[in-house]
Amino acid sequence: MASVLRAILAYWFLVLTVRAIARRPGAQMTPFEFVLIFFIGGISIQAVVADDRSITNAFCDVAAIAMMHVLVTKLKQRFPTFGRIVDGTPVLVFENGEWNRNRMRHHGIQEEDVMAAARGQGLQRQDQIKYAVIERNGEISIIKAQES
C-alpha cells in the first residue's frame, strides 16, 4: 500500500515538474531535454518501488498511476481551469511581423523553431507568417499571412 501512495505522489510531482519545464514539441526537443525527461522518470521510479521489486508491487503501482491519469483526464473535462493549470494555454509568440521575445524565452522557443514549423507548411519567409502559436501540447501552429 505504501508503494501505491508513493506512486500517486510521484505522479503528481512529475505532472507539476513537467508542467514547470517549458513546453517544447517532441520533434523539437533537444537530446538534453530527452535525457532530462528520462532521468526524472528513472529517479522517480526508485522512490516508488523502494525495496519491494515484486511483480505484484509493480502491477499495483502501474494501476495507481493509470488511475491518476484517468482522474486527471476527468478533472480536466469537468473543470476547465484545472485543464489550463495542468496543460497550460496556447501562447502567441509571433503576431503581424513581431516576435514576443519574453514569451519565447519563457517557453524555450527560438525563432529557428518557429521557422522550422513554418517550413513544414511550405512557408520560407517570416513575412509569410501572420501568427505563430505554441499550442497546449507544445506544437507550434502557424497561421499564414494573407497574400496580396
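We did not get these values from a lab; they are worked out from the coordinates using the rules stated. On a predicted model such as this, the values are computed, not experimentally measured, just so you know. A quick note on method: Cβ atoms are made from the backbone with ideal geometry, for glycine too, and the neighbour counts reach across all protein chains shown.
Below is a table of values for the structure above.
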| item | result |
| --- | --- |
| Quotient of C-alpha Rg and 2.2 N^0.38 Å, computed over the chain | 1.32 |
| Simple label model, 7 Å out from Cα along Cβ direction - residue 145 to residue 121, nm | 1.3 nm |
| Two-site FRET efficiency, residue 77 against residue 40, from Cβ-Cβ distance with R₀ of 30 Å, rounded to 0.05 | 0.65 |
| Globularity ratio of the stretch 44-100, using Cα Rg and 2.2 N^0.38 Å | 1.84 |
| Computed over the chain: relative contact order in percent, which uses C-alpha pairs under 8 Å that are six or more apart | 26 percent |
| Inter-site label distance for residue 95 and residue 53 at 7 Å from Cα along Cβ, in nm | 5.4 nm |
| FRET efficiency, residue 112 to residue 137 (Cβ-Cβ, R0 22 Å, nearest 0.05) | 0.65 |
| Förster-model FRET efficiency, 30 Å R0, residue 128 and residue 102, C-beta, rounded to 0.05 | 0.80 |
| Candidates per trypsin sites (Lys or Arg not before Pro) in the stretch 45-148, loop by DSSP, up to 12 other Cβ within 10 Å | 53, 125 |
| Over the stretch 91-144: Rg over Rh, Cα atoms, Kirkwood Rh | 0.91 |
| Three-way shape label, the stretch 67-106, alpha-carbon gyration tensor, a/c 1.5 | prolate |
| Peptide ranges 109-115, 86-92 listed from the most packed, as the mean C-beta count within 10 angstrom indicates | 109-115, 86-92 |
| Span-rule helices in the chain, defined as complete DSSP H runs reaching 24 Å or more along the axis (Cα) with Kyte mean at least -1.0 | 2-20, 31-49, 55-78 |
| Reachable aspartates and glutamates from residue 144, criterion Cα separation under 13 angstrom, eight or more residues apart if same chain | 95, 127 |
